[in-house]
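Quick notes on the structure that follows.
The values are calculated or read from the model by the stated rules, or taken from the named source; none is laboratory data. Note that the structure is a prediction, hence the values are computed from the model and not measured. Note: ideal-geometry Cβ built from the backbone for every residue, glycine included; neighbour counts use all protein chains shown.
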Amino acid sequence: MADAALKSLHPFLQHNSTTLDNDTRIESYTHDHGDGVILCMVHGYPQSSYMFVVPALKDHYSLFVPELPNYGVSTTTRPWNKRDHGHLLLRALHATLKSGSTRQIIWCSHDRGARIGHRLLTSPSSLTQNIKAAIFMDIVPSLEQWRSFANPAASVAYFHWPFLARPDAPEMITSMGGAKYCRLIMERGKGQSSTGVESMQSDGAWEHYCAVFDTKAAIDGSCADYTDGAMPECDAQSGDQKEGKKVQVPLLVLYSEGSLARMHDVPKVWKDWATGELECVGVGEGHGHYFPESKPEFVVEQVKRWVAQVMKSSSL
């Protein structure tokens, strides 16, 4: 399964390998209508672009589905920084889709991909000006997540946050085996829905993720992401709040009622971090952190509804 990719599931996708500044190669999959809104779909940990169920979206939007830098597929020599790595993804989008630099973008993301989106939208630049709305799946801001560790239950549930940020984490994961560790993380977040777990594991998805994360590149790169998500990102978000830098574009937050919502009042948290239109929708019925795969029909329905709502209100 190491050589499996999103295109192997969905042949209608175009595979792209985009070289940037001779130090970065972004792998991505696209389906381009040539105009109209672009869904930029960014995965999280410990997954890859393989997670997204794209057939139900391809007739409605142009799609850009990248692999996160240094998560085992895309590569860069640059230190992990959510703003910089987000810029790399946007530059690859601009290079691969027709008129990509001028078309409207909706940042549709899960887990670490949503955290990159959050950083981009609170640190705007010329590269982010076309992001007109966002969908974040199953996150609260990183600073809020770290604050929740005062609750012992949260510390246990999210043990990997401080662990992966340690400098010796890559060596320890390698000793255990990257594939074994990846499966452990997936098991912990799979939720209680038996049909959901079956959906998550379909098409050899877990085998694919485990194969990718059984590599030094993915282990080192993902740990570097969590290191950046500790002190550097928390310091940046603390500064954002003091300076009033919040998400200003329309934002839909989808969250797991049985996982994230057990530790956070998700709607209440996000009200303090967003000034634009905000809607928070819980995903119940026992679905866990990986609900984009365990309950994909619901996620697709919410994405379509939100994009239509945003397009109607802002004339995208």
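For residues that are touching a residue at least 60 places away in the same chain (Cβ under 8 Å) and under 21 Å from TRP270 (Cα atoms), tally how many sit in segment 87-143. Reasoning before the result, please.
Narrowing segment 87-143 to residues touching a residue at least 60 places away in the same chain (Cβ under 8 Å): 88-89, 91-93, 95-100, 103-119, 121-123, 131-143.
Filter once more, keeping what is under 21 Å from TRP270 (Cα atoms): 106-119, 121-123, 131-143.
Of the residues in that region, 30 qualify.
Residue by residue, here is whether (1) surrounded by fewer than 18 Cβ atoms within 10 Å (Cβ to Cβ); (2) touching a strand residue (DSSP E or B) at 6+ places or on another chain (Cβ under 9 Å); (3) not acidic (Asp, Glu) holds:
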position: PHE12; (1), (2), (3): yes, yes, yes
position: THR19; (1), (2), (3): yes, yes, yes
position: ILE38; (1), (2), (3): no, yes, yes
position: VAL42; (1), (2), (3): no, yes, yes
position: GLN47; (1), (2), (3): no, yes, yes
position: ALA56; (1), (2), (3): yes, no, yes
position: LEU63; (1), (2), (3): no, yes, yes
position: LEU68; (1), (2), (3): no, yes, yes
position: TYR71; (1), (2), (3): no, no, yes
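I'd like the residue in segment 127-160 that is hydrophobic (A, V, I, L, M, F, W, C) and assigned to a loop (DSSP other than H, G, I, E, B) and, out of all such residues, is nearest to the chain's Cα centre (by Cα). Give the derivation first.
To start, the set of residues in segment 127-160 that are hydrophobic (A, V, I, L, M, F, W, C) comprises 127, 131, 133-137, 139-140, 143, 146, 149-150, 153-154, 156-157, 159.
Imposing the further condition that a residue be assigned to a loop (DSSP other than H, G, I, E, B) reduces the set to 127, 139-140, 159.
On the way: LEU127: 18, ILE139: 9, VAL140: 12, PHE159: 19 Å.
Result: ILE139.
For segment 291-315, a tally of residues being surrounded by fewer than 16 Cβ atoms within 10 Å (Cβ to Cβ) and at negative phi returns 9.
Taking ARG78, is it in a helix (DSSP H, G or I) and either under 16 Å from the mean Cα position of the chain (by Cα) or at pLDDT below 95 (or both)? Here the answer is no, as ARG78 does not meet what is asked. Out of GLY288, GLY282, one residue alone is under 27 Å from TYR50 (Cβ atoms), at pLDDT 95 or above, surrounded by fewer than 18 Cβ atoms within 10 Å (Cβ to Cβ) and in contact with a Ser or Thr (Cβ under 8 Å, 6 or more places away or on another chain). It is GLY282. Among the residues of segment 33-44, is any assigned to a loop (DSSP other than H, G, I, E, B) and within 18 Å of the chain's Cα centre (by Cα)? Taking every residue of segment 33-44 in turn, at least one turns out to be assigned to a loop (DSSP other than H, G, I, E, B) and within 18 Å of the chain's Cα centre (by Cα).
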